1. Got a sec to turn the phi values of segment 112-126 into Karplus ³J(HN,Hα) couplings, 6.51 cos²θ - 1.76 cosθ + 1.60 with θ = phi - 60°, whole Hz, x for Gly and Pro?
2. Here are several values of mean projected area of the Cα convex hull in nm²: (i) 16.7; (ii) 26.9; (iii) 19.1. Which one was derived from the coordinates shown?
3. Let me check I've understood the local charge: for L336, count other residues with C-beta under 14 angstrom from its C-beta, Lys and Arg +1, Asp and Glu -1. What total comes out?
4. Give, as a single signed number, the net charge of other residues whose beta carbon lies under 11 Å from the beta carbon of T327, with Lys and Arg counted +1 and Asp and Glu -1.
5. Looking at F242, T146, P319, which one has the Cα that reaches farthest to the positive end of the dipole of segment 9-350 (charges on Cβ: Lys, Arg +1; Asp, Glu -1)?
6. Neighbouring Cβ atoms within 10 Å as the yardstick, rank L334, L93 fewest first.
7. Measuring from label point to label point, each 7 Å out along Cα→Cβ, what is the T295 to E175 span in nm?
8. Restricting to Cα pairs below 8 Å that are 6+ residues apart, what does the relative contact order work out to for segment 9-350? Please round to a whole percent.
Amino acid sequence: MMHAARRSATAAAAFAALIATTTMADAQASIRPADWAAYRQSFVAPDGRVVDDGNGNISHSEGQGYGLLLATLADDMAAFDLIWSFTRTELLLRDDGLAVWKWDPAATPHVTDPNNATDGDILIAYALTLAGQQWQRPELLASSSTMATAIAELIGTSQGRTVIMPGAAGYGTDERPDGPVVNLSYWIYEAFPLLAEIAPATDWQAVSDDGIALLRQSLLGPRRLPPEWLSIKTRPRPAEGFPGEFGYNALRIPLYLIRAGVTDADLLRTLADGMSTETGGVAIVDIATGEVTTTLTDPGYAIIPALVGCVLDATPIPPALRVFEPTLYYPSTLHLLSLSFVTRAHPECLG
């Protein structure tokens, strides 16, 4: 199923031109200093490790990528360098240029699963590109180019679609009877235009377009929501061996669409309506039955459907969701990403 995406001499020349012509990007922070300070104090250890306190205090490539991105959006180069130092020395250990996904402070050795998680790799490469351009640092652009080229090896085709494999091992046709299996929340749409600059040998526009098309085809069940893990062997359906649910990973899909400027009203409303509860929370949903199995009330989750109302209808974000107070790592991360977007693109939604 997979094909290898090789970096050509043309791509190398384009990368060199990008470094030569990069100018200082608009470095105005879109995250308030007090909010970033609270996040950093709560979740970033002194050595630059981003701590997932809702998951046994482990660290992972996703968290390091989010930390790098948030530090860039907060225009905090010192924090970025700290997080990047830990990421580079503790996670970038694989021979293929990708990051190991799981690092456990309670285990020896600390790396307890050497497989990669492609969303974490994309976040890291994206943050490196954004920071390299923002602060005129060619060494960050070089690192992002290396990672983006490695990520491209996990991009292939299935049923005529360009798809992102969630990891280097465990998801393909030769490893699973229902393979390939993908996770639609691994499409970080805002990253693809920048990765196209840094690794132009890959058709990142096709990655984006086919991801959105696959998402539309994967709205299943009474609530018309995508499963967390999706088999695309034939028609899209919940993957075998995984809970058939719209879960914690999938709930960030509308946020990724909105941050990338996707304003497909039908798609966004379908997702927002399906994930919302009558009490204003966000639902974990059994795909087959439409049953709400868990209601999430953390502001970092609740703000995501509110973003849809902001973007599509100019509905103000509820006052309680405009205030950032750290809770757990994951919802707090989504909360800051949401507030950063609204601050930059839709300040009218903040009242």
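1. Once θ is set to phi - 60°, the couplings for segment 112-126 become 9, 8, x, 5, 8, 10, 5, 5, x, 4, 5, 4, 5, 4, 5 Hz.
2. (i)
3. On the way: positive: R32, R40, R252, R259, R322, R344; negative: D35, D75, D76, D298, E325.
Combined, the nearby Lys, Arg, Asp and Glu give +1.
4. Details: positive: none; negative: D53, D298, E325.
Computed value for this residue: -3.
5. Working it through, the farthest residue towards the positive pole turns out to be P319.
6. Numbers: L334 21, L93 14.
Result, fewest neighbours first: L93, L334.
7. The modelled label-to-label distance comes out at 3.8 nm.
8. Numbers: 622 pairs, mean separation 49.9, N = 342.
Computed over segment 9-350, the figure is 15 percent.
No lab work stands behind these numbers, since they all come straight from the coordinates. Note that the coordinates shown come from a computational prediction; the quantities given were computed from them, not determined experimentally. Note: ideal-geometry Cβ built from the backbone for every residue, glycine included; neighbour counts use all protein chains shown.
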